[in-house]
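J.: Here it is: the structure, laid out below.
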Amino acid sequence: MNKKFNPQDFEKKWQAKWAEDNVYHTTESKKPKTFVLDMFPYPSGEGLHVGHPKGYIATDIYSRFKRMTGHEVLHPMGWDAFGLPAENFAIKHKVHPRVAVEKNVARFKEQLQVLGFDYDWEREINTTDPEYYKWTQWIFVQLFKKGLAYESHEPINWCPGCQTGLANEDLESDGTCERCGSLVEKRPMRQWVLKIRSYADRMLEDLDSLKWPEHIKEAQRNWIGRSEGAEIDFKLSTKDRVTVFTTRPDTLFGVTYLVLAPEHPLIQKNKSQVSNWDEVMQYIELSTNKKEQDRLDDTKEKTGVKLEGITATNPANNEEIPVYIADYVLASYGTGAIMAVPAHDERDYAFAEKFNIPIKQVVRKVFGETLPNAIPRVAAGAIVYNPKTEKYLVSFSHEFNKHSPWFGGLEDGEDFSETAVRETLEESGYKTKFIRYIGDEVESHFYHPGKDLNRSLISRMCLLEIIDQEPITVSEEEKKKQEPVWLTKEELVSKFTEERDSYDVSMLFDPRPFTGMGNVCNSDEFDDLSSKEAKVAITEKVGGRMTATYKIRDWVFSRQRYWGEPIPIIHCEKCGPVAVPEDQLPVVLPEVEHYEPTGTGESPLANITDWVNTTCPECGEGAKRETNTMPQWAGSSWYYLRFMDNHNNQALVSKEKEQYWAPVDVYVGGDHAVRHLIYARFWHKFLYDLGVVSTIEPFQRLEFLGFILAEDGRKMSKRWGNIINPDDIVKLVGADTLRVYEMFMGPFENTIAWSQDGLVGARRFLERVNGLSEHFIDNENELSERQLHKTIKKVCDDIEEFKFNTAISAMMVYVNTVEKEGLTQTAYETFLKLLAPFAPHLTEELWYGLGYTKSIHLESYPKYEQTLVVDNEVTIGVQVNGRVRGNITISTSASEDEAIALAKTVTSIKSHITGNIKKVIYKPAKILNIVI
RNA sequence: GCUGGAGUGGUGGAAUUGGUAUACACGUACGACUCAAAAUCGUAUGGCGCAAGCCUUGAGGGUUCAAGUCCCUCCUCCAGCACCA
């Protein structure tokens with residue numbers, strides 16, 4: 001009779017006992033340490049759904065595993081509770097944000113505790129606790145003292161919905177606010193800004209040393225957006241100089257105009273020189289008033305205005321070129337001005353086409369490697385279009401079985417178009433006229449088999465149009481060489497794509513500039529240099545500077561809202577902004593009557609005069625407090641450090657504890673990881689420079705968490721009414737089942753839909769574990785002992801790699817086996833310990849049921865015997881001519897001859913060995929392949 | 001468009017890194033127990049075929065004794081970035 005499996009009977013009991021015995025309490029010790037960290041939650045009013053605990057279950061298993069393998073484990077939990085959502089929630093429900101946060105935290109904590117997590121609650125932190133944000137403010141003061149926090153009056157993003165300034169990162173890609181969806185405007189305001197850009201290079205470089213998923217690293221690189229290039233100065237006719245940033249200084253000779261962003265200061269400065277000022281003014285107003293969305297809508301259609309009366313000089317060749325303003329150039333990136341090279345940039349090309357600006361090729365695409373003793377040649381290629389039949393005439397060579405354009409070398413004084421028309425007439429007999437070029441000149445290097453020589457060819461393709469429908473007679477010699485063939489557009493594309501690698505036929509229908517690297521041409525003394533060489537050489541010649549620029553903006557750090565850390569600054573008329581002295585921290589967030597946003601660009605704190613008015617710490621005169629608060633990301637940018645030493649009121653973290661615990665060994669999270677990780681890494685590196693932390697990176701290893709979708713495949717949300725509450729699942733099947741199921745669903749990083757049916761599998765597994773003691777036998781047989789040790793190895797390896805699904809599957813296989821074969825009590829105890837991190841309640845219940853009086857979670861994790869995980873006899877597949885025909889069970893040390901002999905005894909194999917054995921591939925313990 | 005990642009049964013997914021493809025679980029079918037149902041247990045379960053056998057890891061080529069795994073071309077999906085010079 002199966003023992004009843006009623007998790008409700010014992011889960012609560014053991015949770016209480018663990019808390020009472022302080023089982024999961026952590027202190028620094030002689031043991032090796034492991035710091036396992038979850039991205040701490042934002043305690044929203046909605047509570048948890050089953051997707052939220054997934055990461056916490058994983059870290060719980062990992063930390064229990066580490067504890068049982070002799071590590072001192074730090075696995076803490078806390079609350080990220082400042083910020084807009086909490087405040088908006090509070091305003092909506094007409095409660096004080098603090099009250100709302102307290103309530104939400106209590107709810108979250110209760111929901112977490114039901115799942116039996118091993119958090120050390122003595123280390124709980126809350127970012128809204130003055131004892132905590134004292135140190136957030138302290139970090140800000142240090143940033144300020146080092147000149148890394150400064151005031152700026154640049155126009156910034158303003159969200160009319162949230163009534164606050166936002167960082168660039170707070171916007172969705174369509175220019176709306178990520179919190180409320182309002183369209184974000186630009187507003188000039190006083191802001192605190194952090195110089196995150198100063199750390200961009202270090203954040204980029206140190207990425208390589210981290211064990212993080214590639215896509216997260218890539219997202220970080222993207223975000224920082226470093227690009228290498230040069231700054232080059234252009235002289236204007238007004239004697240001013242415009243500095244442009246370009247990644248392609250090798251194309252400088254191809255610059256045919258300059259573009260300034262509409263906000264560029266030189267435009268206003270040279271107002272008097274601009275003869276079409278009204279038009280210019282109108283354009284500037286139009287583009288600055290354009291909502292971000294409109295600006296994105298017309299990404300294809302370029303707009304702009306020429307600055308009449310002003311020209312610039314190309315420093316490479318002293319050519320005079322026009323200057324435009326256009327909003328495809330962003331004021332906030334690079335220098336807010338560009339040199340336009342329409343021949344080699346898609347955007348400049350589109351703009352130049354629209355405004356009829358010359359397009360000058362200065363780089364040739366190169367096919368093949370330069371060959372020794374190559375004979376140079378210049379030639380034109382032609383494809384002939386017949387508008388009547390809508391077909392294209394090309395030549396077909398029987399000798400090479402290939403289609404090709406009409407082709408011939410340039411003769412004296414000819415250009416490509418003339419050659420194309422002449423050669424086409426000679427070779428095909430058709431009279432044609434030149435329509436346009438198809439792409440630029442290209443350079444090809446190849447071996448010419450017909451002439452037995454190496455060729456270095458410069459060529460350009462032409463589109464011709466037929467004049468007479470009927471061809472004239474062609475010489476017999478030409479007829480032998482090639483045959484004219486008419487192809488439809490589709491045929492042309494498919495034949496050329498298949499047969500020719502050096503003609504990009506799609507250029508015929510979709511003309512676009514060549515934007516790749518190649519060899520430079522039309523550039524005086526730099527001709528024939530590679531793009532790479534020319535970049536440096538040309539930059540040097542014109543006195544430019546090789547440099548790098550970044551996409552990442554400095555971090556707009558102030559919010560005009562109530563619910564955040566007050567920025568610890570005092571504004572004094574005489575001394576300017578002064579940091580609040582460290583002994584006066586924290587600057588406590590004062591109580592206010594109205595914490596709704598004022599909408600005036602000032603925080604609600606500005607209304608509390610007796611808080612705002614203070615004295616200057618430097619000169620003692622009357623001064624005013626800064627009333628802006630910090631963004632939500634502030635508190636989460638360093639919280640992991642506080643867990644190491646959360647009661648310290650002398651320092652953010654003590655040196656000893658930091659040195660023991662840092663860095664975070666495994667960090668687990670998903671969602672807006674990229675933002676948080678950028679900010680946290682920035683602060684960490686700053687704290688490293690201050691000597692507060694001893695590691696250059698905060699998070700050694702990052703495991704990305706895949707979400708759980710609702711059963712309908714959509715995101716779980718109130719809106720769809722498809723939320724599954726973990727409390728309900730625990731009531732239904734118990735916490736252990738929920739834990740095992742979520743880990744068994746699939747690979748940890750995958751996003752997978754919840755399945756109520758699938759839950760049953762986990763439940764059945766635990767029921768079978770619960771009934772295992774019925775299968776006790778007295779003497780262990782060797783086979784099941786081996787299986788146990790293989791299972792131990794698999795589970796250990798898999799937990800270490802966060803492959804919980806396969807770890808559980810291995811344990812299921814083991815249970816399936818011993819239900820048939822039986823197991824000894826020793827094996828049973830080993831298995832319980834193996835399962836303990838996954839199902840802490842059930843294993844504890846069964847452990848105590850065996851008569852033990854100390855928690856299973858304080859036991860040592862099972863270790864496997866090396867000799868028992870390697871089989872000395874295995875079943876391997878036997879192939880004949882690479883196809884599996886049967887299998888043999890054979891000693892791993894058996895010789896090839898023994899293996900073949902054994903294989904021949906198997907009928908299904910023998911029947912396929914019909915001839916002489918030509919070759920045998922035998923890999924012991926892997927495969928036997930007989931080739932006949 | 002660019003970058004990164006991935007395509008395996010009806011479903012979630014395994015596969016010692018080039019060596020018996022489809023482990024484990026769900027679902028389904030049949031059987032046992034039951035007056036009955038649920039639960040539980042047992043058997044079967046990639047496709048075609050009575051069978052021997054043949055086919056099968058998004059599609060098509062290639063390398064190899066051997067390819068889900070490596071190489072080339074293409075298609076699809078997910079994620080991030082997106083006028084970033």
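The values are calculated or read from the model by the stated rules, or taken from the named source; none is laboratory data. Remember, it's a predicted structure, so these values are computed and weren't measured experimentally. Cβ: placed from backbone, ideal geometry, glycine included. Neighbour counts: every protein chain shown. Surface accessibility is based on the protein's heavy atoms, side chains included, excluding ligands, DNA and RNA. Shrake-Rupley method; radii C 1.70, N 1.55, O 1.52, S 1.80 Å.
J.: If you count, for each residue, the other Cβ atoms within 10 Å and average over each peptide, how do A:685-695, A:467-477, A:800-810 line up from highest to lowest?
T.: A:800-810, A:685-695, A:467-477
J.: At 0.36 nm per residue, minus the direct Cα-Cα distance, what do A:K109 and A:A548 gain on full extension? Give it in nm, one decimal, please.
T.: Value of the extension gain: 153.3 nm.
J.: Enumerate the lysines that A:K13 could reach by cross-link, defined here as Cα to Cα under 28 Å, with residues fewer than 8 away along the same chain left out.
T.: Here the lysines satisfying the reach criterion relative to A:K13 are A:K3, A:K4, A:K54, A:K66, A:K103, A:K109, A:K731, A:K833, A:K854.
J.: Could you report the accessible area of A:R885 in Å², rounded to 10, computed with a 1.4 Å probe on the protein chains as they sit in the structure?
T.: Counting only protein heavy atoms, A:R885 exposes about 70 Å² to solvent.
J.: Provide the per-residue ³J(HN,Hα) series for segment A:632-640, in order, calculated from phi with Karplus coefficients 6.51, -1.76, 1.60 and θ = phi - 60°, each as a whole number of Hz, with x at glycine and proline positions.
T.: 4, 6, 4, x, 8, 7, 8, 4, 4
J.: Hey, for a label at A:R187 modelled as a point 7 Å past Cα toward Cβ, could you say which residues of segment A:601-642 have their backbone N under 11 Å away?
T.: Only A:601-603 pass the distance filter.
J.: Same structure again: How large is ³J(HN,Hα) for each residue in segment A:342-352, as worked out from phi by the Karplus curve 6.51 cos²θ - 1.76 cosθ + 1.60 (θ = phi - 60°), to whole Hz, x for Gly and Pro?
T.: For segment A:342-352, the Karplus-derived couplings read x, 6, 9, 8, 4, 5, 5, 5, 4, 5, 5 Hz, x marking Gly and Pro.
J.: If each residue of separation counts as 0.36 nm, what is the full-extension length gain between A:E749 and A:K12 once their alpha-carbon separation is subtracted?
T.: Contour length minus the Cα-Cα distance gives 262.3 nm.
J.: Net charge near A:P249: determine it from the other residues with C-beta under 14 Å of the C-beta of A:P249, scoring Lys and Arg +1 and Asp and Glu -1.
T.: Overall, the nearby charge balance is -2.
J.: State, to one decimal in nm, how far the label point of A:T27 lies from the label point of A:E279, with both points 7 Å from Cα in the Cβ direction.
T.: It is 8.1 nm.
J.: Now for a different question. What spacing in nm lies between the two simple spin-label points modelled at A:L858 and A:Q659, each 7 Å away from Cα in the Cβ direction?
T.: That separation, rounded to one decimal, is 3.0 nm.
J.: Separate question: Just how much of A:C180 is accessible, in Å², when a 1.4 Å probe is used and the result is rounded to the nearest 10?
T.: Ignoring ligands and nucleic acids, A:C180 comes out at about 60 Å².
J.: Starting from the Cα of A:K433, draw a straight line to each of the aspartates and glutamates and keep only those under 17 Å, dropping any in the same chain fewer than 8 residues away.
T.: Candidates past the 8-residue exclusion: A:E390, A:E414, A:D415, A:E418, A:E423, A:E465, A:D468, A:E470.
J.: Calculate the length of the line joining the C-alpha centroid of segment A:13-49 to that of segment A:751-794, in whole Å.
T.: Here the answer is 27 Å between Cα centres.
J.: Give the whole-number value, in cubic angstrom per residue, of the convex hull volume spanned by the C-alpha atoms of segment A:625-693.
T.: 121
J.: Ordering A:Y430, A:Y333 by how much accessible area each has at a 1.4 Å probe, largest first, what is the list?
T.: Reading off the accessible areas and sorting them downward yields A:Y333, A:Y430.
J.: What does the charge dipole of segment A:84-132 about its Cα centre add up to, to the nearest 20 debye, if the Cβ of each Lys and Arg holds +1 and the Cβ of each Asp and Glu holds -1?
T.: So the dipole magnitude of segment A:84-132 works out to roughly 440 debye.
J.: Short version: ³J(HN,Hα) in whole Hz for each residue of segment A:736-751, in order, from phi by Karplus 6.51 cos²θ - 1.76 cosθ + 1.60 (θ = phi - 60°), x for Gly and Pro, what are they?
T.: Whole-Hz 3J(HN,Hα) from phi for segment A:736-751: 4, 4, 4, 4, 5, 4, 4, 7, 8, 3, x, x, 4, 7, 7, 8.
J.: What whole-number value in Å² describes the accessible area per residue of segment A:398-439 for a 1.4 Å probe?
T.: Ligands and nucleic acids excluded, the result is 52 Å² per residue.
J.: Taking segment A:545-639 as the region of interest, what is the percent of Cα-Cα pairs per 5 angstrom bin, listed from the shortest bin to the one with the maximum distance?
T.: Using 5 Å bins, I get a P(r) of 2, 13, 19, 21, 17, 12, 7, 4, 3, 2, 0, 0 for segment A:545-639.
J.: Positive end of the dipole of segment A:30-85, charges at C-beta (+1 Lys, Arg; -1 Asp, Glu), about the Cα centre: which of A:W79, A:V50, A:T34 has its Cα farthest in that direction?
T.: So the residue furthest toward the plus end is A:T34.
J.: Among the listed pairs A:K360/A:K495; A:K217/A:K551; A:K30/A:K657; A:K235/A:K541; A:K360/A:K535, which have their C-alpha atoms separated by more than 19 angstrom in this model?
T.: Result: A:K360/A:K495 exceed 19 Å.
J.: Another question, if that's okay. With N denoting the number of residues in segment A:125-272, provide Rg(C-alpha) divided by 2.2 N^0.38 Å, to two decimal places.
T.: In units of the globular-protein estimate, segment A:125-272 measures up at 1.39.
J.: Still on this structure: Going by amide H atoms built from the backbone, whose H comes under 5 Å of the H on A:F35, apart from near neighbours?
T.: Hits under the 5 Å cutoff: A:L74, A:D665, A:V666.
J.: Run the simple label-point estimate for A:I913 and A:K480 please: 7 Å along Cα→C-beta, distance reported in nm.
T.: The two pseudo-label positions are separated by 6.1 nm.
J.: Tell me which of A:N805, A:N725, A:G746 sits at the most positive position along the dipole axis of segment A:700-833, charges placed on C-beta atoms (Lys, Arg +1; Asp, Glu -1).
T.: Of the candidates, A:N725 comes out farthest on the positive side.
J.: At 1.4 Å probe size, with the rest of the protein present, what percent of the exposed accessible area of segment A:630-735 is carbon and sulfur atoms?
T.: 51
J.: At what distance in angstrom do the alpha carbon centres of segment A:824-874 and segment A:376-407 lie from each other?
T.: 76
J.: For segment A:559-700, what is the charge dipole size about the Cα centre, in debye to the nearest 20, if Lys and Arg each add +1 at the Cβ and Asp and Glu each add -1 at the Cβ?
T.: Roughly 380 debye for segment A:559-700.
J.: For segment A:185-294, with all protein chains present and a 1.4 Å probe, just round the carbon and sulfur fraction of the accessible area to a whole percent.
T.: Heavy-atom surface of segment A:185-294 belonging to carbon and sulfur, 1.4 Å probe: 46 percent.
J.: Something else: What is the magnitude of the charge dipole of chain A about its Cα centre, with +1 placed on the Cβ of each Lys and Arg, -1 on the Cβ of each Asp and Glu, and no other charges, expressed in debye to the nearest 20?
T.: That gives a dipole near 1360 debye.
J.: Given the rule -39500 (n - 2.57) for each run of at least 4 DSSP H residues, summed and divided by the residues of chain A, what is its mean residue ellipticity at 222 nm, to the nearest 500 deg cm²/dmol?
T.: -10000 deg cm²/dmol
J.: Determine by what factor the alpha-carbon radius of gyration of chain A differs from 2.2 N^0.38 Å, reporting the quotient.
T.: Relative to the 2.2 N^0.38 Å estimate, chain A comes out at 1.24.
J.: Under a 5 Å amide H to amide H cut-off, with H placed in plane at 1.01 Å, what residues pair with A:G78 once short-range neighbours are removed?
T.: Sorted by chain and number, the residues that satisfy this are A:I125.
J.: Please name which of A:I435, A:T419, A:G408 has its Cα lying farthest along the dipole of segment A:392-443 towards the positive end, using unit charges on Cβ (Lys, Arg +1; Asp, Glu -1) and the Cα centre as origin.
T.: A:I435
J.: Also, quick follow-up: Using only Cα atoms, locate the centre of segment A:576-638 and the centre of segment A:120-156, then give the distance between them in Å, rounded to an integer.
T.: The two parts, judged by their Cα centres, are 13 Å apart.
J.: On alpha carbon coordinates alone, what is the Rg over Rh value for segment A:333-482, Rh being the Kirkwood radius?
T.: On the Cα set of segment A:333-482, Rg over Rh gives 1.04.
J.: List the residues, sorted by chain then number, that are 5 or more residues from A:A623 or on another chain and whose placed amide H is less than 5 Å from its amide H.
T.: Correct list: A:T614, A:T615, A:C616.
J.: Further, regarding this structure: Rounded to the nearest 0.05, what FRET efficiency do A:D689 and A:E582 have when you use their Cβ-Cβ distance and R0 = 25 Å?
T.: 0.90
J.: Let me ask something additional. Provide the gained length on full extension for the span A:K532 to A:N887, in nm with one decimal, where the gain is 0.36 nm per separating residue minus the Cα-Cα distance.
T.: Contour length minus Cα-Cα distance gives 122.0 nm.
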